[in-house]
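Structure first, commentary second.
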Amino acid sequence: MKLQVSNTNEPVWRSLTVSAQLPKELKPLEELSKNLWWVWNSDGKNLFRELDHDLWRKVGENPVMLLQQISSKRLEEVLADEHMMEKINSTYAEFKEYMSQPMRNDIPSVAYFSMEYGLCNCLKIYSGGLGVLAGDYIKQASDSRVPMTAVGFLYRYGYFAQSLSMDGQQIANYEPQNFDQLPIEAVLGEDGQPMILEVPFPGRIIYCHVWRVNVGRMNLYLLDTDFDMNSEYDRPITHKLYGGDWENRMKQEYLLGIGGMYMLNRLGIHTDIYHANEGHAALLNLQRLVDYVQKDGLPFNVALEVVRASSLYTVHTPVPAGHDYFEESLLGKYLGEYPAKLGISWNDLINMGRENPDTPERFSMSVFALNTCQEANGVSWLHGEVSKKMFAGVWKGYAPEESHVSYVTNGVHMPTWAASEWKSFYMQNLGEKMFEDQSNPEAWKGIFNVPDEEIWNMRMTLKNKFINFVKKDFKEKWLKNQGDPGAVVSILEKINPNALIIGFARRFATYKRAHLLFTDLDRLAKIVNNDRYPVQFIFSGKAHPADGAGQGLIKRIVEISKMPQFLGKIIFLEDYNMIVAKRLVSGVDIWLNTPTRPLEASGTSGEKAEMNGVLNFSVLDGWWYEGYKFDELAGWALTDKRTFTDQAQQDRLDAATIYSMLENELVPLYFKKNYKGYSPEWIDRIKRSIGNIAPHFTMKRQLDDYIFRLYVPESKRSAELKKNNFAKAREIVAWKEEVASKWNQVEILNVEVKDGVAGKGAARTGNPIDVKCVIDTKGLGDSIGVEVVKYRDHDGTSEFAGTEQLNVVNKEGSVYTYELKSHLENAGVFRYSLRMYPKNSDSPHRQDFAYTRWF
């Protein structure tokens, strides 16, 4: 037979990561590289940078990769450099001193669940604001010594890296992470091998590796399904953040909540409070219910009482469409076995995720979270108000204004986001203890004593640092995309450190309205081409791969930036990440934010800018709605009032307002310079911004709010419910069950309202009003409360106007007489009704048991 020319098959590749062998004297670097303390400690970050500047940049500020790739020659040079060795030893000593401080034992312990964490650029387990907020939160938990454990996923591909074609089309690149090159550690089992966590899924077991991220003093545990013990169908569960179809999302949320609880139980971690950061983690309470029913032998209702009392749900989404909803068939596929475990029906379970029970509604993770968490909160004051309205349908007997849904305004981790130059500046001028007391407004007042020139010099230092970054980053990516080398030079030559530089960087969703600035290109061209008052704009941000409109916005901005009149005056930096973000928020002069109100739940990029002496120019939405009120001469605001119902018309008006404010206020003020080359009035605004606004938006203030407004009260009540074999929880459930069984039997026997008007014409303020009702409580007695609920009609709308309680004035067996004697206080057109509700001093709030009857 004829011999074939070749006979081969595909290679069977095996992964092997070879790291440089560090001498004993340099071993502290390995320990430092595996703890993210270096991310927010300037000495730690500078230490790795100084080991090899070029390599540090090449590996994306990843200290593990740096140590794996650093040359033996360079290590020998470091060993011979006394100054460098002293720096290594002093930084390591600083780290060990930090780590030696124990966690506090006078506040509740917390398990914190989140789908994403933005901790540093090299650990790609985040997509945007939600993740960066979660990352900042656990960093501050470390700094504040809060006994917190965090739970999330280690994604193989994470969120996408962005590149742009030459015509501005976004290209999403999913680059796999090599876990051996990340600042993480495998959690080992009793046998010294990587721990394998078994999570029961319907009809099979999902196997998870567990990884630990050392975030200063606290631990973040990450689940990973991408290995060969799982099927090809299940390995991708932890491939991509927010990727795949709805079934993959269901699998992810099942694994985060239920698998996360399995992991904590396996690790022996039991906490006082369980905090779901968004509805993605809601199913953690489903598994907690099962544990109480099966391990503690509690009836379902008692288990629910105990779980609710120790659970908190934070919502970050301002619109219903932003929440996760699952079809009953898909939910049944994954949760079909749970009713039997809990001793309830399928209908009972699915109704816990429906705003309207016993309807064909899809299952909402957010509604399930609300029904299994005692407390819920939005992430700014305005978002809290929006959330009360958004969730009002869950507790139909109550107005949004009566809702228990609260708020904790987001903050940012100052040691991470303040440039190292600013951190040194603050310590020098505001005191070394300033970072420990950063949420105290008094600690910041020293900024007003700093000479203007020092503030200006600091701003110019950071601005030039940013411009150098832009030139290097923009050039590299331009040439990488086969751009004309000559064109990039002409663009970069036009970047002017003397110009007023305005930054706009965020997720490119349409409600962020990045297009506003480009409504009138002729007017914009005049602004950026004024030789006397030069202005430049820097844009950056990603659009979700499924968001065609957001990608279209990016493409349009890139197209405009290449027009002759805008060349070098408008620049788009691709692949927005934490490195780019930090350079932006510390290097521009103005931070621009133009969302459609009230769709910005909080926003934190402007808070980061605040700490770096960058002034905000923003719509009064999210955090800026509160921040601007602290000092209206510390930034600029677009009004929160809507002029047009048509959004396109409103956009045109807002765009015209932006142009006008730039032309007549911001630009002239910046260039109102004295003989020293700066504008004293501009510096005054910087001082006011730092001194009067920044302290209110630190992560320390946010964490303190969660601890003392939510964690502590919940943990105290939870402990009471658990005492003596859950005696108080059983007592509350028995009361609820009795009320529920008799509620529809309660009879309203008589109602009398005397408004003092009969035969006397119109009601007048000051007139007496008496309300009396007689109710047969059917044995519920003191468990029944009655109140008058008032609404005021105004401009075609009906506004909640408050309540007034009726007092019990007579008891005859189970028949109670309630009475209110009051006066008409306010003029206007009112509607009122009586509302009956269950009353118990052990209830945390009315929505805990939202039975009502109107009459």
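The values are calculated or read from the model by the stated rules, or taken from the named source; none is laboratory data. Just so it is clear, the model here is predicted, and its values are computed rather than measured. FYI the Cβ positions are ideal-geometry reconstructions off the backbone, even for glycines, and counts take in every protein chain you see. Keep in mind that these areas ignore ligands, DNA and RNA; they rest on the heavy atoms of the full protein, side chains included. Shrake-Rupley method; radii C 1.70, N 1.55, O 1.52, S 1.80 Å.
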Using θ = phi - 60° and the Karplus relation 6.51 cos²θ - 1.76 cosθ + 1.60, list the HN-Hα couplings for the stretch 763-779 in order, rounded to whole Hz, with x at every Gly or Pro.
5, 10, 4, x, 4, x, 9, 10, 10, 9, 9, 10, 10, 8, 6, 6, x
Assuming 0.36 nm per residue, please report the length gained on full extension of the stretch LYS811 to THR765 beyond their Cα-Cα distance.
13.3 nm
Sequence ranges 164-173, 368-377, 504-513, ranked by mean other-Cβ count within 10 angstrom, highest first:
368-377, 504-513, 164-173
Sorted from largest to smallest, which semi-axis lengths in Å does the alpha carbon gyration tensor of the chain give for its equivalent ellipsoid, taking the root of 5 times each eigenvalue?
49, 37, 26
Counted charge near TYR338, where neighbours are those whose Cβ lies closer than 13 Å (Asp, Glu -1; Lys, Arg +1):
0
Output the antiparallel fraction of DSSP beta bridges having both residues in the chain, as a percent to the nearest 5.
60 percent
Can you list the HN-Hα couplings for the stretch 112-124, worked out from phi with the Karplus curve (6.51, -1.76, 1.60; θ = phi - 60°), rounded to whole Hz and with x for Gly and Pro?
10, 10, 8, 6, 8, 9, x, 9, 7, 5, 7, 10, 8
Other-chain or far-sequence residues with amide H under 5 Å of PHE537's (modelled H)
ILE502, ILE570, ILE571
Accessible area, probe 1.4 Å, largest first, for residues TRP623, TRP346:
TRP346, TRP623
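Give the ranking of LYS772, LYS480, LYS472 by solvent-accessible surface, highest area first, calculated with a 1.4 Å probe.
Sorted by accessible area, descending: LYS480, LYS472, LYS772.
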Tell me which GluC sites (Glu not before Pro) from the stretch 220-308 have a DSSP coil assignment and no more than 10 other beta carbons within 10 Å of their own.
GLU232
Taking every DSSP beta bridge that has both residues in the stretch 78-186, what percent is antiparallel when rounded to the nearest 5?
50 percent
Sequence-distant lysines (8 or more away, or on other chains) whose Cα lies within less than 30 Å of LYS295
LYS251, LYS333, LYS341, LYS716, LYS722, LYS723, LYS728, LYS736
Contour excess over end-to-end distance, with Cα ends at ARG74 and GLN745 and 0.36 nm allotted per residue:
233.2 nm
Spelling out what I want: for every residue of the stretch 501-516, take phi, set θ = phi - 60°, compute 6.51 cos²θ - 1.76 cosθ + 1.60 (Karplus), and round to whole Hz; glycine and proline get x.
9, 10, x, 9, 9, 4, 5, 8, 8, 5, 5, 6, 6, 5, 6, 3
So what does VAL809 come to for accessible area, using a 1.4 Å probe and Å² rounded to 10?
80 Å²
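Relative contact order, percent, of the stretch 192-236 when contacts are C-alpha pairs under 8 Å separated by at least 6 residues? Numbers along the way, then the final one.
Working: 58 pairs, mean separation 11.9, N = 45.
Value for the stretch 192-236: 26 percent.
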ARG145 paired with ASN530, simple spin-label distance in nm, labels 7 Å along Cα-to-beta-carbon:
5.3 nm
Computed magnitude of the charge dipole of the chain (debye, nearest 20; Cβ of K, R +1, Cβ of D, E -1):
920 debye
Plugging the Cβ-Cβ distance of LYS722 and LEU267 into 1/(1 + (r/R0)^6) at R0 = 22 Å yields, to the nearest 0.05, a FRET efficiency of 0.55
Full extension between ARG556 and ARG362 adds, at 0.36 nm per residue less the Cα distance, a length in nm of 66.1 nm
Got a number for the accessible area of GLU665? Probe 1.4 Å, square angstrom, nearest 10.
90 Å²
Which one, PRO147, VAL64, THR416, is farthest towards the positive end of the dipole of the chain when Lys and Arg carry +1 and Asp and Glu -1 on their Cβ?
THR416
How about the stretch 802-855: which GluC sites (Glu not before Pro) there are in a DSSP loop, with at most 16 other Cβ atoms within 10 Å of their Cβ?
GLU825
Just to confirm a number: summing +1 for Lys and Arg and -1 for Asp and Glu over residues other than ASN230 whose beta-carbon lies under 13 angstrom from that of ASN230, what do you get?
-2
Below 15 angstrom from the Cβ of LEU500, what's the summed charge of the other residues (Lys, Arg +1; Asp, Glu -1)?
+4
I need the trypsin sites (Lys or Arg not before Pro) found in the stretch 801-832, filtered to DSSP loop residues with at most 12 other beta carbons within 10 Å of theirs.
none
